[in-house]
């Protein structure tokens, strides 16, 4: 990846991700609070309309469980394709 970026004249600065403080950030209390049953059910069910409704209601979708797993992690792990 680095070579590709360099070939296309991007300025790159390699970062060791595991030692980066961004890699192991703990979720905030607000992120954990947003990781509720309604959101989890919508993600697990691939219910895009429900997710849009939740977001339109002003809820941020950056929710994480107490271990730092986000709803995006959950979606990727499940490997389901959702059209919408």
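The values are calculated or read from the model by the stated rules, or taken from the named source; none is laboratory data. Worth saying up front: this structure is predicted, and the values here are computed from it rather than measured. Using ideal geometry, Cβ is built from the backbone for each residue, glycine included, and neighbour counts are taken over all protein chains shown.
Residues in the stretch 63-73 that are in contact with a strand residue (DSSP E or B) (Cβ under 8 Å, 6 or more places away or on another chain) and part of a loop (DSSP other than H, G, I, E, B): how many?
Result for the stretch 63-73: 1.
Looking at the stretch 37-49, is at least one residue without any contact (Cβ under 8 Å) to a residue 12 or more places away in the chain and exposed (fewer than 10 other Cβ atoms within 10 Å of the Cβ)?
Within the stretch 37-49 (the criterion being without any contact (Cβ under 8 Å) to a residue 12 or more places away in the chain and exposed (fewer than 10 other Cβ atoms within 10 Å of the Cβ)), the answer is yes, since at least one residue qualifies.
What is the one condition in (1) within 25 Å of residue 79 (Cβ to Cβ); (2) part of a loop (DSSP other than H, G, I, E, B); (3) at pLDDT 90 or above that residue 39 does not satisfy?
Here residue 39 meets the rest and fails (2).
Among the residues of the stretch 3-36, what is the count of those that are over 26 Å from residue 78 (Cα atoms) and loosely packed, with under 10 Cβ neighbours inside 10 Å?
Looking only at the stretch 3-36, we keep the residues that are over 26 Å from residue 78 (Cα atoms), and these are 3-16, 19-21.
Imposing the further condition that a residue be loosely packed, with under 10 Cβ neighbours inside 10 Å reduces the set to 3-4, 7-11, 13-14, 16, 19, 21.
Qualifying residue count for the region: 12.
Against the condition modelled with pLDDT under 90 and surrounded by fewer than 13 Cβ atoms within 10 Å (Cβ to Cβ), how does residue 79 come out, does it pass?
yes
Every residue in the stretch 49-62 that is touching a helix residue (DSSP H, G or I) at 6+ places or on another chain (Cβ under 8 Å) and assigned to a helix (DSSP H, G or I), please.
Residues satisfying the conditions are 50, 51, 54.
Within the stretch 55-70, track down each residue that is closer than 13 Å to residue 34 by Cβ and over 16 Å from the mean Cα position of the chain (by Cα).
Across the stretch 55-70, the qualifying residues are 57, 58.
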